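Peer 1: What follows is a structure written as structure tokens; I'll ask about it next.
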Amino acid sequence: MSDPDEFRREVRAALNARLTLRRADDVWTVLGAGSDDVEAGRSYLRALSDGGWAVPTWPEEYGGLGATPTQAAIVAQELGHFEVPDLYPYVIGLAIAGPTLVAHATSEQCGRWLPAIRTGEEIWCQLFSEPDSGSDLASLATRAERDGEHWRVTGSKVWSSRAHYSRRGLLLARTDPDVPKHAGISAFALDMEAPGVTVSPLRQMNGDTHFSEVHFDDAPVDDTDRIDAPGAGWGVARTALAHERGAGAVGGGGWGADLKDRLVDLVRRRGVGADVLVRQRLAATIIELEVARLTARRARDTVRTGRGPGPEGSGSKLRGSAGLKAAATLALDVLGADGIAGIDGSDEWQTLFLTSPSISIRGGTDEIQRNIVGERVLGLPPEPRADVDVPFSELPRTIRRPGR
């Protein structure tokens with residue numbers, strides 16, 4: 001369908017038949033903070049599954065809409081008019097693992113995994129970061145050793161969102177330690193219920209246990225669940241990370257659309273709208289949020305030209321995290337002691353405030369995003385990397401002592 005207006009009418013009619021219009025007083029969350037509800041999101045995805053509305057850019061043969069970037073933008077705009085539950089548990093599957101599988105997995109693998117991701121039947125997690133390799137992801141040490149038609153995985157991952165109820169994990173493991181670190185990594189779709197997989201949720205300062213540490217003790221994974229060729233895992237990882245930087249927009253019920261209005265309403269309710277300093281800070285925060293919105297829009301517009309996710313996503317993530325932290329800090333300052341005591345409807349703001357620092361860490365730290373912008377957008381010289389041509393087995397490694 002080439003006419004955007006006609007396509008928009010079709011989308012609006014389809015969504016009206018399936019969803020409920022959004023109200024101004026709807027409960028909102030940021031990246032699932034303070035919420036462990038997965039059934040509302042699953043019901044929402046099932047309601048949209050017959051037309052591919054939740055995954056418009058996926059190919060039609062995998063249940064998507066086969067939409068162009070412009071059409072996908074129209075779907076996203078129209079979805080904003082409706083009640084969208086917290087989709088954070090499903091974001092990794094929908095916005096990271098799913099598109100990565102489309103790019104790197106076989107048609108047989110996509111046929112096995114994508115339908116359950118699309119309908120919310122299966123939740124996926126991301127098994128990338130490790131206790132000793134966070135920002136330098138390519139230094140990961142979790143190993144997978146070939147055992148006939150299987151691989152045996154040993155090691156650990158950390159900060160794996162929603163791993164404690166995920167069905168599968170997008171896993172990076174080292175399969176060849178005798179080549180440089182980027183070349184010896186392979187990617188797998190790991191069964192999280194396989195023997196030897198232990199998930200330990202980590203409690204955050206906002207009270208959530210959404211992150212986990214995952215341990216592998218000779219855990220088996222079929223070679224049929226390997227994604228792309230052995231040693232091609234870094235390419236899979238780069239695709240996933242590029243999609244990850246824009247994944248927050250899939251979260252639904254989130255902070256982008258109406259956080260500015262909620263801040264203005266809070267200032268008015270607290271009777272501090274005439275305070276010059278409060279007004280100055282409110283204006284600065286609204287500007288920060290608007291810059292974040294426009295930066296995200298620029299990243300989306302770039303994708304609409306047909307290019308895949310690029311460094312624009314890093315800029316978008318940086319501006320988004322700055323805006324979110326500014327909004328949360330202002331809200332808690334306006335609430336004062338009531339914000340600490342949970343009075344005057346401050347629970348949501350308190351959760352947001354305690355969650356906001358993590359936005360600069362999860363999905364790639366601010367420092368990593370600045371490196372990407374500096375090197376790939378501004379053309380600055382790359383940081384010295386003396387280990388890129390050295391076999392991984394020859395690199396000095398930190399030895400973790402038992403109990404440390």
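The values are calculated or read from the model by the stated rules, or taken from the named source; none is laboratory data. None of the values given here were measured: they were computed from a predicted structure. Here Cβ is always computed from backbone atoms with ideal geometry, including for glycine, and neighbour counts include all displayed protein chains. Each accessible area value is taken on the protein alone, full model and side chains, heavy atoms only, with ligands, DNA and RNA left out. Shrake-Rupley method; radii C 1.70, N 1.55, O 1.52, S 1.80 Å.
Here is a yes/no grid of residues against (1) over 19 Å from the mean Cα position of the chain (by Cα); (2) not hydrophobic (A, V, I, L, M, F, W, C):
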residue	(1), (2)
H81	yes, yes
A95	no, no
P99	no, yes
E108	yes, yes
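Peer 1: Name the residues in region 374-387 that are in contact with a Pro (Cβ under 6 Å, 6 or more places away or on another chain) and of a type in the set (A, V, I, L, M), would you?
Peer 2: V377
Peer 1: Give just the number: which of (1) buried (at least 21 other Cβ atoms within 10 Å of the Cβ); (2) within 20 Å of the chain's Cα centre (by Cα); (3) at pLDDT 95 or above does G235 not satisfy?
Peer 2: (1)
Peer 1: Which members of region 317-343 meet the condition of being open to solvent by 60 Å² or more (accessible area, probe 1.4 Å) and of a type in the set (D, E)?
Peer 2: D333
Peer 1: Then there is this: Hey, any hits in region 117-139 for a residue that's among the aliphatic types (A, V, I, L, M), surrounded by fewer than 17 Cβ atoms within 10 Å (Cβ to Cβ) and closer than 20 Å to E61 by Cβ?
Peer 2: The answer is no; no qualifying residue exists.
Peer 1: Of the residues that sit in region 357-368 and are open to solvent by less than 30 Å² (accessible area, probe 1.4 Å), in contact (Cβ under 8 Å) with a residue 40 or more places away in the chain and part of a helix (DSSP H, G or I), which one is farthest from V278 (Cα to Cα)?
Peer 2: The extreme case among them is D366.
Peer 1: A further question follows. Does G339 satisfy the condition of being within 17 Å of the chain's Cα centre (by Cα) and either modelled with pLDDT under 80 or in a helix (DSSP H, G or I) (or both)?
Peer 2: Answer is no for this residue.
Peer 1: Continuing with the same structure: Go over the candidates A67, A54 one by one and state the one that is in a loop (DSSP other than H, G, I, E, B), closer than 21 Å to L19 by Cα and touching a Ser or Thr at 6+ places or on another chain (Cβ under 6 Å).
Peer 2: So the residue among A67, A54 that is in a loop (DSSP other than H, G, I, E, B), closer than 21 Å to L19 by Cα and touching a Ser or Thr at 6+ places or on another chain (Cβ under 6 Å) is A67.
Peer 1: Any chance region 37-46 includes a residue that's part of a loop (DSSP other than H, G, I, E, B), open to solvent by 30 Å² or more (accessible area, probe 1.4 Å), at pLDDT below 80 and closer than 17 Å to I123 by Cα?
Peer 2: no
Peer 1: If we scan region 208-215, do we find a residue that is in contact (Cβ under 8 Å) with a residue 24 or more places away in the chain, assigned to a strand (DSSP E or B) and more than 30 Å from F353 (Cβ to Cβ)?
Peer 2: Yes: region 208-215 contains one or more residues that are in contact (Cβ under 8 Å) with a residue 24 or more places away in the chain, assigned to a strand (DSSP E or B) and more than 30 Å from F353 (Cβ to Cβ).
Peer 1: Can you tell me which residues in region 369-386 are modelled with pLDDT of 85 or more and either open to solvent by 50 Å² or more (accessible area, probe 1.4 Å) or not aliphatic (A, V, I, L, M) (or both)?
Peer 2: Result: Q369, R370, N371, G374, E375, R376, V377, L378, G379, L380, P381, P382.
Peer 1: Looking only at region 146-196, which residues are open to solvent by 50 Å² or more (accessible area, probe 1.4 Å), part of a loop (DSSP other than H, G, I, E, B) and closer than 23 Å to Y90 by Cα?
Peer 2: W159, R167, E193
Peer 1: Still on this structure, I have one more. Can you name the number of the only condition in (1) at negative phi; (2) charged (D, E, K, R); (3) not in a helix (DSSP H, G or I) that D344 fails?
Peer 2: (1)
Peer 1: Another question about this same structure. For region 76-88, state whether one or more residues are within 24 Å of A299 (Cβ to Cβ), β-branched (V, I, T) and in contact with a Gly (Cβ under 9 Å, 6 or more places away or on another chain).
Peer 2: Looking for residues that are within 24 Å of A299 (Cβ to Cβ), β-branched (V, I, T) and in contact with a Gly (Cβ under 9 Å, 6 or more places away or on another chain), one finds at least one in region 76-88, hence yes.
Peer 1: Condition first: over 22 Å from the mean Cα position of the chain (by Cα), crowded, with 20+ Cβ neighbours inside 10 Å and of a type outside the set (A, V, I, L, M). Now tell me which residues in region 206-224 satisfy that.
Peer 2: F216, the sole residue that qualifies.
Peer 1: Residue under question is A97, and the condition is that it be surrounded by fewer than 24 Cβ atoms within 10 Å (Cβ to Cβ) and either in contact (Cβ under 8 Å) with a residue 40 or more places away in the chain or not in a helix (DSSP H, G or I) (or both); does it hold?
Peer 2: no
Peer 1: Condition test on G32, is it modelled with pLDDT of 90 or more, open to solvent by less than 30 Å² (accessible area, probe 1.4 Å), of a type outside the set (S, T, N, Q) and within 25 Å of Y165 (Cα to Cα)?
Peer 2: no
Peer 1: Moving to a separate point now. Go through (1) surrounded by 13 or more Cβ atoms within 10 Å (Cβ to Cβ); (2) at pLDDT below 90 one by one and return the number of the condition G64 breaks.
Peer 2: All conditions pass for G64, except number (2).
Peer 1: Does region 345-356 hold any residues that are open to solvent by less than 30 Å² (accessible area, probe 1.4 Å) and either of a type in the set (S, T, Y) or farther than 29 Å from L266 by Cα (or both), and which are they?
Peer 2: If the condition is that a residue be open to solvent by less than 30 Å² (accessible area, probe 1.4 Å) and either of a type in the set (S, T, Y) or farther than 29 Å from L266 by Cα (or both), then S346, T355, S356 are the ones that fit.
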